[in-house]
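The values are calculated or read from the model by the stated rules, or taken from the named source; none is laboratory data. Bear in mind the structure is a predicted one, so any value in this text is a computation, not a measurement. All Cβ positions, even for glycine, are placed from backbone atoms using ideal geometry, and neighbour counts span all protein chains on display.
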Amino acid sequence: MRRRDVVKMLCSAALTAPLVGRARSADRVRRVGMLLGTTASGPEPVGAFVQRLQELGWSDGRNIQIDHRAIAGDIGRFRTAASELVHLAPDVIFVQSNPGLAALRQVTNTIPVVFVQVADPVGSGFVESLARPGGNVTGFANFEGSMGGKWVEALKEIAPATTRALILLHPETVANVGMARAAESAAPAVGLTTTMAGVHNAGEIERAIATFASEPNGGLIAIPHTVTVVNHGLIAKLAAQHRLPAVYAFRYITQAGGLMSYGVDADDLYRRAAAYVDRILNGAKPGDLPVQAPIKFELVINLKTVKTLELTIPRSLLARADEVIE
Amino acid sequence: MIDAKTAAAPETPSRPQARGRLFLKYVALVVSVVCIALLANGLFSIWFSYRDQKASLVGIQGEKAALAAVQIGQFVKDIEGQLGWMTQSPWLALTPEERRIDALRLLRQVPAITELALVDETGREQLRVSRTAMDAIGSRRDLSNEPAVVEAIARRVYYGPVYFRRGSEPYFTLALASGRRNGGVAVAEVNLIYVWDVVSQIKVGDKGKAYVLDATGRLIAHPDISLVLRNTDFSHLAQVRLARGEREDMSAEQAKVMRDVEGRDVLTAHAAVSALGWLVFVELPINEAYAPVYSSLLATGLVLLGGLALSVLASLMLARKMVTPIRALQKGAARIGSGALDHRIDIRTSDELEALGDQFNRMASQLQESYATLEHKVEERTHQLQLANLAKSRFLAAASHDLRQPLHALNLFVTQLRNETDQAEKGRVIARIDAAVAAMNELFNALLDISKLDAGVLAPSISEFPVDHMLRRIETTFTAAAREKRLRLRIISSRAWIRSDFILLERVMLNLVSNAVRYTDRGGVTIGCRRRGKELRIEVWDSGIGIPQDQQRNIFGEFYQLAIADGDRRSGLGLGLAIVDRLCRLLDHPVALSSSPERGSCFSVSVPLIAAPRQTAERPPTAKTAADPATGRLVVVIDDDALVLDGMRGLLKSWGCDVVTAASDDAAIAALATYNQPPDLIISDYRLTSGKTGFDAIARLRSVLGASIPAFLISGDTAPERLREASASGYHLLHKPVLPMTLRALIHQLMKERADLRGSPMALQPAANPSPAIPLQ
């Protein structure tokens, strides 16, 4: 009898031990910090990130607690927002955009960080290499410098009459500068001249566009950055107002009225970032997770805007357009 | 008596370890047999199923790997095919713009191509389209020395080595030359991340995976993309090394158990993607791979346990069935053995055990019967012994009674003699004393005869003689007695010769005739012979009182006398017919009787008849009267009774002997010392003082005085043991009271023998009384 009891005890202990272990890890509510350049609601598909996290078993309020800090385009506030987040001692921080990551790196180099929408992370000095980021930072890059050339090419294709292109960038962001330079060097090949315009806020954007549009045959390229993303509505409006053909980096801008975009599928990036967060929460080290670059780019054209600008979509663009929005 | 035995003997307890051992033995036997069978079966099936499953798993893995390799190869082939569309088309004839649109379309069709360059037959780049960089139209860059171009032109298709863009993304160059002459070459940079799509679709069990390595062992595609982007080098893994050591076109190799990149044990198989030199590996964690084997092991184990349990149960039941009847047998046998003979074993298994139980029961009932019979026989014998005891008591009573009569008479006669002065009257009294003594003598002789007969010491000496001799002697004996009773005595002579013992047969006849005379008051007694085949019937007819039918058997018993109505008991002890009966049994001569009351009786004895021999018959041995050899002999008499010694001295002296008497052998030796010659005869009483027997005395004297001195014993002891002893020792033995005539005859015989033969005094003759019984008045 006694032996049987001992065996029962052992068996139940063995069975419940993993549960206990899991309960322990499940009991402890993890903190996930989110540092957003835009807002939580848009235009970036932050919801895709949260949803994917949920699919992977992390439910906000149940076993994780998500702390948002969104600066809504006010770059200057990145630093404070980052510090606040770090003070909350999260298990992992999810950050969006180059300036956000830059600010975060200044306040912590131990808390795991997963970034999205960061251009040229190696060139910007955020990671050592794509294959082995090292440190505490990993994530999903969006564009490399050469994309600038593609945008220039695309602009010329959609609006062959264009001879001058305005390039909106955030001059402090290294990646932005890289992309702008690529655009600049590619321009002559397609018969364009470029004008750089460093912008920090809506006001500067307005002024830059207004100044540029005073001369004809102009086109616009909005280098992807928090500033341009947050103010993409304004940019599109101004572009329409000044009858400037514009090329953007994100489809939601095209959906919002922009003429054309050639860029990555942001949804996909955010979803994959959630998978990285899940792995980190389960114990993976960010330094071991390689930085992933996009393999798919999508060309989206807004037909209405095309018609409004009295343009036609050339066959070359039609051939490779992924979506034409009516 | 049996019950007493049961009560007395304690039941021997069976040893504790013996009890139940048969049961355990059977249980153990059956269990072990079944266990061995089950174990053997289980082990065999486990072994074989393990091997089979492993083999099939290995086979499946191999096939999966082969399939994966085919799929990957197909991926590349598809791209090739698309490129082929391009190269087959006369793109060189197109306008640049047209070319570009075609190229862009191709890019749209094949997401895996990141960059596409079209090179003309001279090696100059005519077009380049890219997803991430600016397109170049008509750059005319000289690519004629590029290995891709060179190889493609030479071999139509070129598969470049895998390289990693930005140190992370795996790419390879695929170049396809146009089949048309001077058709140019299409060079595509293929992003191998797209292989991840294919690889992640390959299902390998539940937790298994497939991955692709390039020829150097670096990871191209893996379900975990981060491993690919990290440039993980798999070339150190044992299975990779093994695979790379083989020829490229060998595929679907035997799956092996190796360690994967994380150090876990996996079942791995690989296949080569032909022409590309890539290796596709398929890995399945060992636990999962062997799960079916383990579960079948478990199942077999459970079955084994179940079988064990069942076998234990079954064997318990079976053993019980087998052991119960055996136990019943054992218990039953024990009970019967301890005396409960009425116990019967009840087994009903209708097999050999039941038969055994029946045998036991039969044995028990036979034992019961035997005991019953034994008891009955013992009772009978006891009864017989009691009867015999009774008879002996009666005999003693009768004997003592019959002895008193002559003693009483003797008393009277001796007193009368003492006082009588008349010589003539004295003589008459002396005659009467003689008669009384003779009567007592007869009694004692008869007793002795009976004793001798019962002891079996009489050995008949068979001879052949004419029956007439005996008849004459009988006639002589009984003529006077018959005349006195005014009976007619008639002897019919016969010329027959018979074979028998003369003396014993004569005794028989004497007793028969004596009885006939005694029990006949008128008429007569006739003795005759009748031939009956090989036998002669000697018949004694009398016209006496007859014997009733119901008593005819009994009269041959001892001391039996007919109860006669008038209560007149005849004299005589009634031993006569008893002696006849015994003698005839000894001689094996059948005795018959026919009689009826008041009409007389006929006793007959049948003896073997022989043919009369031609020569004259030997004279039957008769008592001879020889010259008295006793005169002048020196006789030693040893007896512890002084009276007897006196009497003996007187008697022997009257015969002319020299007599020395002594009470013991020592006294005799002392007494004889004064004589200068050894004695001629030693006579000793059997029972002497201080426990010595006459044998000892005679032996002593013989050893001292001479070994060949004749000797005989006198004893008052007629017990059959004495008779047998004496007969065995070879000495003559006379019984007190000894008739002087008997004494004298023996002395004469011994002296004569000595004189004749100088031989051994140990003549082995029965101490038969040579003189016939004297008929009583």
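Counting only residues that are out of contact with any Leu (no Cβ under 7 Å at 6 or more places or on another chain), at pLDDT 50 or above, buried (at least 16 other Cβ atoms within 10 Å of the Cβ) and farther than 16 Å from B:Arg633 by Cα, region B:738-775 holds 2 of them. When every residue of region A:239-250 is checked against the conditions, at least one turns out to be small (Gly, Ala, Ser), surrounded by fewer than 17 Cβ atoms within 10 Å (Cβ to Cβ) and away from every other protein chain (no Cβ under 14 Å). All conditions in (1) among the polar types (S, T, N, Q); (2) in contact (Cβ under 8 Å) with a residue 12 or more places away in the chain; (3) away from chain B (no Cβ under 14 Å) hold for A:Ser214, with the sole exception of (2). Within region B:83-109, being under 21 Å from B:Gly179 (Cα atoms), buried (at least 20 other Cβ atoms within 10 Å of the Cβ) and among the β-branched types (Val, Ile, Thr) holds for one residue alone: B:Thr87. Being of a type in the set (S, T, N, Q) and away from chain A (no Cβ under 14 Å) is the filter here, so list the residues in region B:152-173 that pass it. B:Thr173, the sole residue that qualifies. All conditions in (1) more than 24 Å from B:Leu116 (Cα to Cα); (2) in contact (Cβ under 8 Å) with a residue 12 or more places away in the chain; (3) surrounded by fewer than 21 Cβ atoms within 10 Å (Cβ to Cβ); (4) charged (D, E, K, R) hold for B:Arg230, with the sole exception of (3).
Of everything listed in (1) of a type outside the set (S, T, N, Q); (2) surrounded by 23 or more Cβ atoms within 10 Å (Cβ to Cβ); (3) within 14 Å of chain B (Cβ to nearest Cβ), the single unmet condition for A:Val227 is (3).
Taking the listed residues B:Val149, B:Val195, the one that is within 14 Å of chain A (Cβ to nearest Cβ), buried (at least 20 other Cβ atoms within 10 Å of the Cβ), in contact (Cβ under 8 Å) with a residue 12 or more places away in the chain and of a type in the set (A, V, I, L, M, F, W, C) is B:Val195, with no other qualifying. In the set (1) within 11 Å of chain A (Cβ to nearest Cβ); (2) of a type outside the set (Val, Ile, Thr); (3) closer than 27 Å to A:Ser261 by Cβ, the condition left unmet by B:Ser139 is number (3). Residues that are polar (S, T, N, Q), over 23 Å from B:Gln239 (Cα atoms) and in contact with a helix residue (DSSP H, G or I) (Cβ under 8 Å, 6 or more places away or on another chain) within region B:25-70 comprise B:Ser45, B:Ser49, listed in sequence order.
Among the residues of region B:656-689, the ones that are surrounded by fewer than 21 Cβ atoms within 10 Å (Cβ to Cβ), among the charged types (D, E, K, R) and in a helix (DSSP H, G or I) come to 1 in all.
Rundown of residues vs (1) among the aliphatic types (A, V, I, L, M); (2) within 10 Å of chain B (Cβ to nearest Cβ), yes/no style:
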residue	(1), (2)
A:Met147	yes, yes
A:Val152	yes, yes
A:Ile158	yes, no
A:Arg164	no, no
A:Leu169	yes, no
A:Val174	yes, no
A:Met179	yes, no
A:Glu184	no, no
A:Ala189	yes, yes
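Of the strands (runs of 3 or more DSSP E) lying entirely inside region A:146-258, the ones with 2 or more residues being more than 17 Å from A:Ile301 (Cα to Cα) and more than 20 Å from the chain's Cα centre (by Cα) are found at A:164-169, A:193-198.
Residues of region A:120-145 that are among the small types (Gly, Ala, Ser), crowded, with 24+ Cβ neighbours inside 10 Å and either more than 10 Å from every other protein chain (Cβ to nearest Cβ) or in a loop (DSSP other than H, G, I, E, B) (or both): A:Gly139 alone. Selection over region B:284-321 of residues that are within 51 Å of the chain's Cα centre (by Cα) and buried (at least 17 other Cβ atoms within 10 Å of the Cβ) gives a count of 6. Being modelled with pLDDT under 85 and among the acidic types (Asp, Glu) is the filter here, so list the residues in region B:667-695 that pass it. If the condition is that a residue be modelled with pLDDT under 85 and among the acidic types (Asp, Glu), then no residue fits.
Within 10 Å of chain B (Cβ to nearest Cβ), over 19 Å from A:Val116 (Cα atoms) and in a helix (DSSP H, G or I): which single residue out of A:Ala275, A:Ala319 fits that description?
Criteria check complete, one pass: A:Ala319.
Of the numbered criteria (1) over 18 Å from A:Val264 (Cβ atoms); (2) in the same structural domain as A:Val199 (by TED's automatic domain parsing), the one A:Trp151 fails is (1). On the basis of being closer than 14 Å to A:Arg30 by Cα and surrounded by 22 or more Cβ atoms within 10 Å (Cβ to Cβ), does A:Ile66 make the cut? Against the criterion (closer than 14 Å to A:Arg30 by Cα and surrounded by 22 or more Cβ atoms within 10 Å (Cβ to Cβ)), A:Ile66 does not qualify. When B:Gln384, B:Gln359 are screened for being modelled with pLDDT of 85 or more, surrounded by fewer than 11 Cβ atoms within 10 Å (Cβ to Cβ) and of a type outside the set (Asp, Glu), only B:Gln384 passes.
Considering every residue within region B:107-129, establish whether at least one is within 26 Å of A:Gly148 (Cβ to Cβ), part of a helix (DSSP H, G or I), touching a helix residue (DSSP H, G or I) at 6+ places or on another chain (Cβ under 9 Å) and within 14 Å of another protein chain (Cβ to nearest Cβ).
As a first pass, look at region B:107-129 and keep what is within 26 Å of A:Gly148 (Cβ to Cβ): B:107-108, B:110-118, B:125-129.
From what's left, part of a helix (DSSP H, G or I): B:107-108.
From the residues that got through so far, the ones that are touching a helix residue (DSSP H, G or I) at 6+ places or on another chain (Cβ under 9 Å) too are B:107-108.
Checking the rest, the ones that are also within 14 Å of another protein chain (Cβ to nearest Cβ) come to B:107-108.
The answer is yes; a qualifying residue exists.
Going by the structure shown, is A:Glu55 among the acidic types (Asp, Glu), modelled with pLDDT of 90 or more and within 13 Å of A:Tyr270 (Cβ to Cβ)? For A:Glu55, the condition - among the acidic types (Asp, Glu), modelled with pLDDT of 90 or more and within 13 Å of A:Tyr270 (Cβ to Cβ) - is met.
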